[in-house]
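Data block below; observations after.
The values are calculated or read from the model by the stated rules, or taken from the named source; none is laboratory data. Since this is a predicted model, take the numbers as computed values, not measurements. Don't worry about glycine lacking a Cβ; one is built from the backbone with ideal geometry, like all the others, and counts go over all protein chains shown. Side chains included, ligands, DNA and RNA excluded: accessible areas come from the protein's heavy atoms. Shrake-Rupley method; radii C 1.70, N 1.55, O 1.52, S 1.80 Å.
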Amino acid sequence: MASVEEIVSRVRKPPSLQNWVRLNHRRRDETTRSIARFVLARPRHALASIYKLIADYITFGISKETVSKGLDEISNPLVRRLGREILGVVLPWLDKSEIKGIQVFHTLSVPFPIGRGIIVPVKPTFVFQRDRTLNLVFVIGWASMPFNSFQKQLFATIIHNAILTQEGFEGGDAYVVCAPRIKGSRSERYVRSWKVSEVTLLSDDELREQFDRFGNALDDVVPIILEELAKRGE
């Protein structure tokens with residue numbers, strides 16, 4: 001059985017910026033509850049392999065047949081099914097956008113410290129050039145729209161601070177491409193996108209306050225986890 005420290009460590013090492021942002025709220029107690037739900041739910045799958053197929057399609061120009069073969073090779077049947085839903089709408093949308101990824105940035109991932117030893121990886125799905133500027137694309141394939149308005153601000157602010165202020169990326173933008181399910185459907189999806197430049201960013205003070213709020217919520221969540229594990233007999 002994993003210790004509470006081991007369980008909480010899952011939050012201290014988030015796999016992506018979007019996963020971490022989804023745990024954050026303006027209120028400390030809501031953030032605490034969100035963290036508790038995440039660590040106790042034990043997520044059953046991850047979509048990283050789907051995002052990689054999208055990145056390879058755009059950046060290296062692999063065919064849709066190769067993408068399909070790559071999807072078939074994924075061992076988790078749930079991820080394969082979700083991948084078919086996501087790829088079925090995202091690839092045609094990207095084709096219409098006539099975007100071509102830049103290979104040199106294929107593995108771009110910027111570690112962004114938020115305090116208490118927590119590093120959040122800011123990793124775009126791919127990078128492309130338009131009008132002589134470098135632009136980022138983050139594909140999020142969750143079944144529902146990923147963020148509330150505050151989380152959207154937090155996500156955009158960290159992308160801006162971590163990458164869009166770096167040399168070579170100034171003047172560029174970041175596109176967040178979501179593929180939620182159509183309301184009432186169990187498999188049909190659509191694409192909705194937005195740009196970081198469209199979002200009002202958090203101030204430095206607001207960002208620091210949220211980092212502190214998240215750190216305090218990590219402390220608050222320990223007794224909640226202990227109580228729940230006791231109820232489960234674990």
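Bridgeable lysines around residue 64 (alpha carbons under 27 Å apart, same-chain partners fewer than 8 residues away excluded): 52, 96, 100, 123, 195. For residue 107, the shell of other residues with beta-carbons less than 13 Å away shows a net charge of +1, using +1 for Lys and Arg and -1 for Asp and Glu.
For the chain, what % of the accessible area comes from carbon and sulfur atoms, probe 1.4 Å?
Working: 6070 of 12250 Å².
Here it works out to 50 percent.
Would you mind working out the magnitude of the charge dipole of the chain relative to its Cα centre, with +1 at each Lys and Arg C-beta and -1 at each Asp and Glu C-beta, to the nearest 20 Debye? It would help to have the intermediate numbers written out before the result.
Details: 34 positive and 27 negative charges, 172 e Å.
So the dipole magnitude of the chain works out to roughly 820 debye.
Here the Gaussian network model covers the chain, with springs between Cα atoms less than 10 Å apart; of 58, 86, 74, 74 fluctuates the most. Derived value for the chain: Kirkwood hydrodynamic radius 18.9 Å. Basis is the mean of 1/r over every pair of different alpha-carbon atoms.
Could you do me a favour and compute the accessible area per residue for the chain, 1.4 Å probe, result in Å²?
On the way: 12250 Å² over 234 residues.
Spelled out: the 1.4 Å probe surface of the chain, per residue, equals 52 Å².
Straight-line cross-link reach from residue 152 at under 18 Å between alpha-carbon atoms covers these aspartates and glutamates, not counting any fewer than eight positions away in the same chain: 30, 173, 198, 204, 205, 206, 209. Database remark: amide H of residue 174 closer than 5 angstrom to the amide H of 136, 196, 197 (H placed geometrically; neighbours at sequence offset of 5 or more, or on other chains; Pro and chain starts carry no H).
Remark: accessible surface ordering of 147, 126, 60 (largest first) is 60, 147, 126, probe radius 1.4 Å.
Between helix 204-232 and the chain there is an angle of about 60 degrees, using the helix long axis and the longest principal axis of the Cα atoms.
Other residues whose C-beta falls under 14 angstrom from the C-beta of residue 18 contribute a net charge of +3, scoring Lys and Arg +1 and Asp and Glu -1. Our coupling estimate for the stretch 53-61, obtained by passing each phi through the Karplus curve with A = 6.51, B = -1.76, C = 1.60 and θ = phi - 60°, is 4, 5, 4, 5, 5, 7, 8, 9, x Hz, Gly and Pro reported as x.
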